[in-house]
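Below is one structure, written out as structure tokens; comments come after it.
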Amino acid sequence: MTEHDSVAALNEVRAGISRAASDYERDPASITLVAVSKLFPPQEIEPVLAAGQRVFGENYVQEANAKWPGLRQRYPDVELHLIGPLQSNKAKEAVALFDVIETLDRPSLAEALAKEIAKQGKAPRLLVQVNTGEEPQKGGLMPSELDGFLDRCRSLGLTVEGLMCIPPAEDPPSPHFALLNAMAAKHDLKTLSMGMSADYDPAIQLGATHVRVGSAIFGMRATKG
Ligand SMILES: *Cc1c(COP(=O)(O)O)cnc(C)c1O
């Protein structure tokens, strides 16, 4: 079996992002690649770190806590994003571990995070996940709830930096990206996390500042379970 070459794949994704930036007249420096390393062990993440990638996304607090403290000893300038659903009882661990939490999506979680941020004196950057497809099984606020939720966050002393979405798998993604962009513009939020391996190009066209790319870099994931 030939081994997956994640460094070659990383370079292809980087080239794809540069190409999209140029096609859509975006400053390439305004687009951050979040390399999604969920379900890959440290030894498969290492080569990507050695190739200079520093921003990573993980979905599961426990898994990330098992992997990243060790990797961070050698790469202290890593920026770690939580991109999976966060239970309020994991807020403490999440605040301690992550630099960015992209999945703030309900008042009870906002309260738990505000409490931990005050306690730990450490504030991860926060994105609100919006369920643009209004799918019942998926995390994220309904679009109609965003205004009230941002007010609630402000009243808790939380600074929301931007928005994140995961469009429904069966939909063309662009209308979801356009909707997220419009919601961010309305609230003067600067960060837009949208686009994955299959659709980071249209996400960049529609204003993504962060694209979350996993399988196009690391190859096929084992399923969790
Ligand atoms: C797994 C995951 C990704 C990466 O998906 P790929 O299709 O492998 O690029 C991006 N965002 C979220 C929220 C994910 O859970």
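The values are calculated or read from the model by the stated rules, or taken from the named source; none is laboratory data. Quantities reported herein were computed from a predicted structural model and do not represent experimental measurements. Glycine also receives a Cβ, built like all others from the backbone with ideal geometry; neighbour counts cover every protein chain displayed. Only protein heavy atoms, including side chains, enter the accessible area calculation; ligands, DNA and RNA are left aside. Shrake-Rupley method; radii C 1.70, N 1.55, O 1.52, S 1.80 Å.
Miscellaneous remarks
- Qualifying position, being basic (Lys, Arg) and within 16 Å of the ligand (Cβ to nearest atom), among ARG212, ARG152: ARG212
- Listed here are the strands (runs of 3 or more DSSP E) enclosed by the stretch 150-225 that have at least 1 residues being in contact with a Lys or Arg (Cβ under 6 Å, 6 or more places away or on another chain): 160-164.
- Among the residues making up the stretch 162-180, those that are closer than 18 Å to LEU33 by Cα and either open to solvent by 70 Å² or more (accessible area, probe 1.4 Å) or touching a Leu at 6+ places or on another chain (Cβ under 6 Å) (or both) are GLY162, LEU163, MET164, CYS165, PHE177.
- Filtered residue count, the stretch 56-89, keeping only those that are within 16 Å of the ligand (Cβ to nearest atom) and either part of a helix (DSSP H, G or I) or farther than 16 Å from GLN129 by Cβ (or both): 8
- In this structure, VAL34 does not qualify as part of a helix (DSSP H, G or I), open to solvent by less than 50 Å² (accessible area, probe 1.4 Å), touching a residue at least 40 places away in the same chain (Cβ under 8 Å) and on the phi < 0 side of the Ramachandran plot.
- Hits in the stretch 182-204 (condition: away from the ligand (no atom under 13 Å from the Cβ) and surrounded by 18 or more Cβ atoms within 10 Å (Cβ to Cβ)): MET183, ALA184, LEU189, THR191, LEU192, PRO202, ILE204
- Matching residues in the stretch 178-197 - criterion: being charged (D, E, K, R) and closer than 17 Å to LEU141 by Cβ: LYS186
- When residues in the stretch 83-113 are screened for being farther than 24 Å from LEU10 by Cβ and either without any contact (Cβ under 8 Å) to a residue 24 or more places away in the chain or open to solvent by 10 Å² or more (accessible area, probe 1.4 Å) (or both), 15 of them pass.
- Test: GLU145 is part of a loop (DSSP other than H, G, I, E, B), surrounded by fewer than 20 Cβ atoms within 10 Å (Cβ to Cβ) and at pLDDT 95 or above: no
Let's see how each residue does on (1) surrounded by fewer than 18 Cβ atoms within 10 Å (Cβ to Cβ); (2) more than 16 Å from the ligand (Cβ to nearest atom):
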{"position": "GLU3", "(1), (2)": "yes, yes"}
{"position": "GLU12", "(1), (2)": "yes, no"}
{"position": "LYS38", "(1), (2)": "no, no"}
{"position": "PRO42", "(1), (2)": "yes, yes"}
{"position": "ILE45", "(1), (2)": "no, no"}
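- Every pair of residues 6+ apart whose Cβ atoms lie under 8 Å, when the first sits in the stretch 54-82 and is more than 13 Å from VAL100 (Cα to Cα) while the second is of a type in the set (Gly, Ala, Ser): TYR60/GLY84; LYS67/SER37
- Close pairs (8 angstrom Cβ cut-off, 6 or more residues apart or separate chains): open to solvent by less than 70 Å² (accessible area, probe 1.4 Å) in the stretch 117-137, among the hydroxyl-bearing types (Ser, Thr, Tyr) anywhere: LEU126/THR159; LEU127/THR103; LEU127/THR191; LEU127/SER193; GLN129/THR103
- Any hit, the stretch 160-172, residues being away from the ligand (no atom under 16 Å from the Cβ) and under 18 Å from LEU109 (Cα atoms): yes
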